Amino acid sequence: MIAGISIYEILTVTSILFFIGVYGFITRKNLISILMSVELILNSTVINFVVINKYLYPDMLQGVYFSIFIIAVAAAETALAVSIIINLYRQIASVEVKDTEIMKY
Amino acid sequence: MEKIIFYILALIIIVFAIASVTSKKMLRSVIYLLFVLCGIAGIYFLIDYNFLAAIQLTVYAGGIIVLIIFSVVLVHHIDLELELAKTSKQLLVGLACLIGLGVFLTTIYSHPFNVVENSITTTTEDIGLGLLSYETGGFILPFEVISVLLLASMIGAIVIAKGKKLDESQKSEVESIEKK
């Protein structure tokens, strides 16, 4: 654990990061920007897992395993989302949310 | 000393996260996201999970950011200005987020965590043995499932990104919708 830093301060930072991600997710109008906001949200939850594992249950590693799985799922999700965005751009030449009202293939 | 480093990292993370969701230039906002991810890796180093920090740097800063930059460059002009939401909507969403943050913080600060003082260092060996153990509390099954998931998503990404172009009838359909 970090000397002199309580768990409350780290949880405050991650909560702020989470809500910055939510703000970006709602206000952005571009698919790639929305994807980046999702990354912010996922990262804040990963820090929460790690910090709670380290501060409350230091002799176990479950939080670390869960964060590894979250990172793996996030990587898979990003790869799929980028490929969908590129395919969408080839079909309608735009990645704005308002242009993607038809998802019929 | 660690205290000062933590505060600097927290400042970097929050300032660059705000810059990342409000910047008008696409590529700059991706680079700000890269700084946020590096700051988070710094926090992992501070709380002594070196393996996790290495994963964060390689997978996020090395892989995902490069993938997003790749898609930005493929899809946009490099100096494209993003369209921003209306000011009223921005204020409304900001207010809702602040309310949510207030709820989170009051809940966190009113909860008594019983923190265990420790300075245990976790080695990569412990993490690897736990991931591969098949006894109670082992993670061998999720570990295998996640590898299958990664393989499936990789194949899916290739199949989707290959795609096929629209034929003429679909193209005219799309154009008629765009004219509306």
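The values are calculated or read from the model by the stated rules, or taken from the named source; none is laboratory data. Bear in mind that the values here come from a model prediction, so they are computed numbers and not experimental data. Glycine also receives a Cβ, built like all others from the backbone with ideal geometry; neighbour counts cover every protein chain displayed.
Mind telling me which of the residues A:67, A:15, A:44 ends up being buried (at least 19 other Cβ atoms within 10 Å of the Cβ), touching a Gly at 6+ places or on another chain (Cβ under 8 Å) and either at pLDDT 85 or above or among the β-branched types (Val, Ile, Thr) (or both)?
Working: A:67 fails: touching a Gly at 6+ places or on another chain (Cβ under 8 Å); A:15 fails: touching a Gly at 6+ places or on another chain (Cβ under 8 Å).
Answer to the check: A:44.
Scan the range B:125-152 for residues that are surrounded by 11 or more Cβ atoms within 10 Å (Cβ to Cβ) and among the polar types (S, T, N, Q) and the total you get is 2. Take the conditions closer than 30 Å to residue B:76 by Cβ, more than 7 Å from chain B (Cβ to nearest Cβ) and not hydrophobic (A, V, I, L, M, F, W, C) and apply them to residue A:33. Does it pass? Spelling it out, it is not the case that residue A:33 is closer than 30 Å to residue B:76 by Cβ, more than 7 Å from chain B (Cβ to nearest Cβ) and not hydrophobic (A, V, I, L, M, F, W, C). Scanning the range B:41-55 for residues that are aromatic (Phe, Trp, Tyr) and not in a helix (DSSP H, G or I) turns up just one, B:49. If we scan the range A:1-9, do we find a residue that is assigned to a loop (DSSP other than H, G, I, E, B), of a type in the set (A, V, I, L, M, F, W, C), in contact (Cβ under 8 Å) with a residue 24 or more places away in the chain and out of contact with any strand residue (DSSP E or B) (no Cβ under 6 Å at 6 or more places or on another chain)? For the range A:1-9, residues assigned to a loop (DSSP other than H, G, I, E, B), of a type in the set (A, V, I, L, M, F, W, C), in contact (Cβ under 8 Å) with a residue 24 or more places away in the chain and out of contact with any strand residue (DSSP E or B) (no Cβ under 6 Å at 6 or more places or on another chain): present. Of everything listed in (1) in a helix (DSSP H, G or I); (2) more than 8 Å from chain A (Cβ to nearest Cβ), the single unmet condition for residue B:59 is (2). For the range A:89-100, filtering for residues that are facing another protein chain (nearest Cβ under 9 Å), of a type outside the set (Lys, Arg) and assigned to a helix (DSSP H, G or I) leaves 4.
Look at the range A:58-81: where a residue is over 25 Å from residue A:31 (Cα atoms) and within 7 Å of chain B (Cβ to nearest Cβ) and a partner is part of a loop (DSSP other than H, G, I, E, B) and of a type in the set (Val, Ile, Thr), sitting 6+ places away or on another chain with Cβ atoms under 6 Å, you get A:58/B:116; A:58/B:120. Only residues that are β-branched (Val, Ile, Thr) and surrounded by 19 or more Cβ atoms within 10 Å (Cβ to Cβ) were counted across the range A:72-83, and they come to 2.
The condition (being more than 8 Å from every other protein chain (Cβ to nearest Cβ) and over 12 Å from the mean Cα position of the chain (by Cα)) is satisfied by just one residue among B:53, B:10: B:53.
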